[in-house]
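Notes follow the structure.
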């Protein structure tokens, strides 16, 4: 039998109490959505990712009593949902692209991103973008980010610092 969770919310979630899921959403829903939005670049896709996260939390609630840091666990699960969704979508796009190429023998590239903040974030390497969105939108500490991404604390902090430097240079118009 697993040890009792330290957070009573975890216990309520594991028991499937609807009010616990509502409290969870009230506490971290906005941050989860903002991180998903930064990762997915579409409000609809971000909403779907957060919804899929909550469905998975309910489906696999028997795993929750082992959770020590609920916030880090949520963002780690969200990251896994986004990665799985991207893989599924990538397979679907690849299949559709092959069908389209077979039908037309031409390829039309997607439009270039706009020059707004979301587009600037999109220019960062994925590793740095993840750290920035988890830090700012997820309000996670570097220790939590390190746990979510399975990297060292120093690596999480370095990626954040390098990302901010790149964004600053972009805003100042420097290469």
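Computed values, structure above
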{"quantity": "Label-point separation, residue 118 to residue 15 (7 Å along Cα→Cβ), nm", "calculated": "4.1"}
{"quantity": "Cα Rg, Dmax, the stretch 15-55, angstrom units", "calculated": "10.7, 34"}
{"quantity": "Estimated D of the stretch 1-82 in µm² per second, where Rh is the Kirkwood radius over Cα pairs and Stokes-Einstein applies at 37 °C, 0.692 mPa s", "calculated": "256"}
{"quantity": "Mean Cα-pair separation over length for the stretch 113-175, i.e. relative contact order, pairs under 8 Å, 6 or more apart, %", "calculated": "33"}
{"quantity": "Gain in span if fully extended, residue 48 to residue 161, counting 0.36 nm per residue against the direct Cα distance", "calculated": "37.7 nm"}
{"quantity": "Percent RCO, i.e. relative contact order, over the stretch 3-63, from Cα pairs under 8 Å lying at least 6 residues apart", "calculated": "32"}
{"quantity": "Potential extension, residue 88-residue 58 segment - 0.36 nm per residue separation minus Cα distance", "calculated": "8.6 nm"}
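Laboratory data are not the source of any read-out in this text; all were calculated from the coordinates shown. Keep in mind the model is a prediction, meaning the values are calculated, not measured. Here Cβ is always computed from backbone atoms with ideal geometry, including for glycine, and neighbour counts include all displayed protein chains.
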